[in-house]
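Below: the structure, in structure tokens.
The values are calculated or read from the model by the stated rules, or taken from the named source; none is laboratory data. In this text, all values refer to a predicted model and were calculated from it rather than measured experimentally. Cβ sites come from the backbone with ideal geometry, for glycine too, and all protein chains shown count toward neighbours. Only protein heavy atoms, including side chains, enter the accessible area calculation; ligands, DNA and RNA are left aside. Shrake-Rupley method; radii C 1.70, N 1.55, O 1.52, S 1.80 Å.
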Amino acid sequence: MSVDIRPLDIIIVGGGLAGLAAAGYLRAQHNVTVLERWPLDFAMNTRGDYGMSIVANGYRLLAGQGVSDENLQAVPFTHLWNCGKDGSITRASPFDTTAQFGVPSVFTRRARLQAELHRFATDPTRPGTPARVLGGVTLSALDPLAGTLTTTAGESFSADLIIGADGLSSFVRGVLAPDAHPVPTGLVAYITTAPYSAIAENPALAFQSAEGVGGICVFEEGARRMLCYPCDRGEARYFQVVGYAPEDAWVGEFEKTGGAAVQDVPCARALEEFKDFAPSILGLLSHVPTVAVWRIRDIDALHNWVKGKTVLIGDAAHAVTPHVGQGCNIAIEDAEALGFLFRDVTGPAAVAERLALFEKLRMARAHHVQFSSRQIGGVLRGGQKELNAGEFDRVAFAKMTYGYGGAEAAYKAYLAAQT
């Protein structure tokens, strides 16, 4: 009997951060096609762009592949300030992952990271065949056992491996786990931006704009909290402003539209929501006429990410609330793990075994991050509340999360645990 020895044909559904990262890692040995529903747009300050953190565990993996701080226009993440609603600092903590874990953490814009991951996946000077990235592709059918996909335009694709990296509202997850749906946490996020001058010229906030300092300010009172952090060191520097509040006033709007975001909301709505906060803080909300309101959702822990030739990664597999800043970072971990596990695969016969190992290496860690994010955000529900051990242990979480050394180290630890 002949053995089918060749590179795998891999289709990745989703051209966001998880999908492009996976394409970047897998293209070195295999033939990769990325199918993205929307036209790819790396323009800054669009509705899909926002400020985000790449923390040590994700940064370590990307830096190892030459992802560039210069291209990201990254701002070092060095501090965390907790403040009351009056703006007074109640706790100032260094956030020095270089000293503790050997690599820095940074802030950047999502659009810059997506563009850099697209380069990682398609740059012809990198090892392997550049990934083929197709935008504007909407899927109508998936057979996860056969490894086939059909688009609404009638085009068919087949692959040895299909990776569902299509986010919180995943089409692929809808096939593999049809009962798993995004779950509201009871919170919304009011999202806007503030120019650098709004921080630097505000006596109560100017410390956040000091040279060489980059960090998150968290102003909070009960369930309401506001975050402010830098996103860019380019010419048009700005700070991301995110205010979390109960979703009660927005539930009807979400149910009416069936969506999870309301755009072009008058800034007055956000100012009313946080009216008890200090004027210096409220000023951060007033630099644009409108804000976006996002419903904060995640998914309950799935206990199966694989069916046949198909696997879920990133938010499609383990969407996490934003409270610990790990959504994109554990998605990058997933991508790197697939690259490691399929680095020496020379034919489709090994796919099932490697996907089973992927679940073993990744699932418990992803579930822990999901639980931790709900815990720190105060949105545990159901039986999880009974598992809550009290105050969130930031030191233990940092050690477990930021010290992650990649899939090879995780695999060695897994083998050691089997003996």
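Observations on the model:
- Selected residue [of a type in the set (A, V, I, L, M, F, W, C) and touching a Gly at 6+ places or on another chain (Cβ under 8 Å)] from Ala115, Ala141, Ala153, Ala131: Ala131
- Asp300 being in a helix (DSSP H, G or I), surrounded by 15 or more Cβ atoms within 10 Å (Cβ to Cβ) and of a type in the set (D, E, K, R): no
- Among the residues listed as Asp4, Asp49, the single one being at negative phi, touching a residue at least 12 places away in the same chain (Cβ under 8 Å) and open to solvent by 60 Å² or more (accessible area, probe 1.4 Å): Asp4
- Unmet requirement for Thr90, which otherwise passes all of (1) touching a helix residue (DSSP H, G or I) at 6+ places or on another chain (Cβ under 8 Å); (2) farther than 24 Å from Phe340 by Cβ: (1)
- Scanning the stretch 214-235 for residues being open to solvent by 40 Å² or more (accessible area, probe 1.4 Å) and either modelled with pLDDT under 90 or over 23 Å from the mean Cα position of the chain (by Cα) (or both) gives a total of 6.
Residue by residue, here is whether (1) hydrophobic (A, V, I, L, M, F, W, C); (2) within 20 Å of the chain's Cα centre (by Cα); (3) in a loop (DSSP other than H, G, I, E, B) holds:
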residue	(1), (2), (3)
Val345	yes, no, yes
Ala349	yes, no, no
Leu355	yes, no, no
Phe358	yes, yes, no
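The rows are residues; the columns are (1) over 28 Å from Ala407 (Cβ atoms); (2) open to solvent by less than 40 Å² (accessible area, probe 1.4 Å); (3) modelled with pLDDT under 95.
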residue	(1), (2), (3)
Ser53	no, yes, no
Asn57	no, yes, no
Asp86	yes, no, yes
Ser93	yes, yes, yes
Phe101	no, no, no
Val106	no, yes, no
Ala111	no, yes, yes
Ala121	no, yes, no
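- Against the conditions (1) small (Gly, Ala, Ser); (2) part of a loop (DSSP other than H, G, I, E, B); (3) under 19 Å from Ile376 (Cβ atoms), Ala189 satisfies every one except (2).
- Residue that is in contact with a Gly (Cβ under 6 Å, 6 or more places away or on another chain) and either touching a residue at least 60 places away in the same chain (Cβ under 8 Å) or among the acidic types (Asp, Glu) (or both), where the choices are Cys231, Cys217: Cys231
- Residue satisfying all of: in the stretch 353-398; among the charged types (D, E, K, R) and at pLDDT 95 or above; surrounded by the most Cβ atoms within 10 Å (Cβ to Cβ) among these: Arg362
- Restricting attention to the stretch 270-287, the residues that are of a type in the set (D, E, K, R), in a helix (DSSP H, G or I) and in contact (Cβ under 8 Å) with a residue 60 or more places away in the chain total 1.
- First in the stretch 180-205 and without any contact (Cβ under 8 Å) to a residue 12 or more places away in the chain and closer than 13 Å to Leu282 by Cα, second anywhere and open to solvent by 40 Å² or more (accessible area, probe 1.4 Å) and not acidic (Asp, Glu), Cβ under 9 Å, 6 or more apart: none
- The sole residue among Asp334, Asp315 that is under 17 Å from Asp166 (Cα atoms), open to solvent by 30 Å² or more (accessible area, probe 1.4 Å), assigned to a helix (DSSP H, G or I) and not hydroxyl-bearing (Ser, Thr, Tyr) is Asp315.
- Residues in the stretch 199-238 that are farther than 22 Å from Asp276 by Cα and in a strand (DSSP E or B): Gly215, Pro230, Tyr238.
- A Cβ distance below 7 Å, combined with a sequence gap of six or more or placement on separate chains, defines the contacts here; from the stretch 67-83, residues that are crowded, with 18+ Cβ neighbours inside 10 Å reach residues that are in a loop (DSSP other than H, G, I, E, B) and among the polar types (S, T, N, Q) in the pairs Phe77/Ser105.
- Ala204 over 26 Å from Ile332 (Cα atoms) and more than 17 Å from the chain's Cα centre (by Cα): yes
- Considering Thr185, Thr193, the condition of being polar (S, T, N, Q) and open to solvent by 40 Å² or more (accessible area, probe 1.4 Å) is satisfied by Thr193 alone.
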